[in-house]
Amino acid sequence: ETLTGGYQLDEIESAVRMAMDRWRSLAQESVPNSQPASPHTLRFNGSHDLVLTWLAAHFPELAPGYKLSLQFSGSLGGLITLAAGLADLAGSHLWDVESGEYNAPFVRRLLPGKRIALVTLAHRRLGLILPEGNPLDLQGLPDLLRPGLRFANRNEGSGTRVWLDAQLHALGHDSSSIIGYTQGLATHSAVAQAVAEARADVGLGLQAAALAYSLDFIPLLLDRYDLVIPAHALDSPPLQALLDWLRTSAARTEIEKLGGYETGETGAIHWVE
């Protein structure tokens, strides 16, 4: 029905990806945060990203006989789940204020004494998601304090929320006056949807999510998103297939097609000892 309505295949795929993200968010409310281990299922837990949604749909092609199961609980939630042995890999983009590093300081704290690989998925443009045409003429984070402005925020423990809290603290702003600040959403897609449906005047999220909903975007940050993988698991067939794919030109092409991604370091490994 969608095809006969005149939509292009890339538009249909984007819409289905958004719908699956919303489904996963709703499913998390009614099922446990962890899943039993299966030799044919790679269990992911961590921060939401649209590349991962694409990977889950195409994983049987990249690693025949395996599937990728996603749980989006935020960067901190993913590391905690990984430390508990309830996931095979996590996804994180946590920025440490003191060191200026991504992810490694948090991995050292939450998985002490373990050898961990940080595999760069991509660098991502994060910023303000706005209605088309930016009718309120918003320009940056200080505008979130405008009286009456409705904000769509990410959930606590997400890398986006951690970064935003640090920025507001540095600016000396009180987040308690921001309408909607405490009502965190589980995915960047949900933030973009809230803006698209006029339930929020502005949100903070990925450019890829803004593009998927044909919304305006003001970039604020280029962050690094890593897959966090224990060294002992790195040689498993599905993870090796994933790493091999990330190092290909085809991977860079697919990731960049989503918009708002830079792939110069995609597939690179940084070790945390």
Exercise. Among Gly78, Gly203, Gly133, which one shows the biggest mean-square fluctuation in a GNM of the chain, springs joining Cα atoms closer than 10 Å?
Worked result: Gly133
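Order 188-200, 137-149 from most to least packed using the mean count of other Cβ atoms within 10 Å.
Values: 188-200: 22.0, 137-149: 13.5.
Ranked from most to least packed, the peptides come out as 188-200, 137-149.
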Exercise. Ignoring any ligand, DNA or RNA, what whole percent of the accessible area of region 195-237 comes from carbon and sulfur when the probe is 1.4 angstrom?
Worked result: 53
Problem set entry | Helix 159-171 vs. the chain, principal-axis angle (Cα, 0 to 90°, nearest 10) | 40
For this session: Determine by what factor the alpha-carbon radius of gyration of region 90-142 differs from 2.2 N^0.38 Å, reporting the quotient.
Result: 1.66
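Quick one: accessible area per residue over the chain, 1.4 Å probe, rounded to a whole number of Å²?
Working: 12210 Å² over 273 residues.
Value for the chain: 45 Å² per residue.
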Exercise. Sorted by average packing, counted as other Cβ atoms within 10 angstrom per residue and highest first, what order do 171-182, 106-117, 250-261, 84-95 take?
Worked result: 84-95, 250-261, 106-117, 171-182
Seminar exercise, completed: Along region 215-229, Karplus-curve 3J(HN,Hα) (6.51, -1.76, 1.60; θ = phi - 60°) to the nearest Hz, with x for Gly and Pro, reads 9, 7, 8, 10, x, 10, 7, 10, 9, 10, 9, 10, 8, 9, 9
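Please get the size of the charge dipole for region 139-186, origin at its Cα centre, with Cβ charges of +1 on Lys and Arg and -1 on Asp and Glu, quoted in debye to the nearest 20.
Numbers: 4 positive and 4 negative charges, 29 e Å.
Here the size comes out at about 140 debye.
How big is the charge dipole of region 147-267 about its Cα centre, in debye rounded to the nearest 20, if each Lys and Arg gets +1 on its Cβ and each Asp and Glu gets -1 on its Cβ? Could the numbers behind the result be given before it?
Numbers: 8 positive and 14 negative charges, 38 e Å.
Roughly 180 debye, rounded to the nearest 20.
The values are calculated or read from the model by the stated rules, or taken from the named source; none is laboratory data. Computed from a predicted structure; not experimentally measured. Here the Cβ is made from the backbone with ideal geometry for all residues, glycine too, and neighbour counts use every protein chain on show. For the accessible areas, the whole protein counts, side chains as well, though only heavy atoms, and no ligand, DNA or RNA atoms are used. Shrake-Rupley method; radii C 1.70, N 1.55, O 1.52, S 1.80 Å.
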